[in-house]
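For reference, the structure discussed in these notes is given below.
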Amino acid sequence: MNRSEYLTLCRDAAIEAGKSKSITPDWPENVLVEYRGDRYAPKAYELKFDASGQAVHIAVLRDTKANSVVTARMDKVKRIKEDAE
């Protein structure tokens with residue numbers, strides 16, 4: 001997933017969180033992402049650097065089933081559902 005798309009999903013998830021006050025598995029799929037087979041709400045973005053100085057894009061994800069936060073490399077995160085056109 002690219003950074004621009006992920007940041008848009010972070011914004012959309014924040015708006016959804018404001019409506020429902022909690023993150024649950026029944027959130028609309030168009031604001032959720034998938035990582036290692038589980039669904040997460042995108043929470044934030046981090047930019048880090050590895051030992052060779054290369055940029056590493058990190059997705060900060062909130063679990064929809066548990067009150068926990070996971071970090072993942074952006075290239076390992078997938079969008080669940082595209083917006084209806």
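Each reported figure results from applying straightforward, stated rules to the coordinates on display, with no laboratory input. Only a predicted model underlies this, so the values are computations on that prediction, with no experimental measurement involved.
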Q) Are any of the pairs Lys19/Lys76; Lys21/Lys76; Lys43/Lys65 more than 18 Å apart by Cα-Cα distance, and if so, which? A) Lys19/Lys76; Lys21/Lys76
Q | the chain: translational diffusion in µm²/s, Stokes-Einstein, Kirkwood Rh over Cα pairs, 10 °C, 1.306 mPa s | A | 122
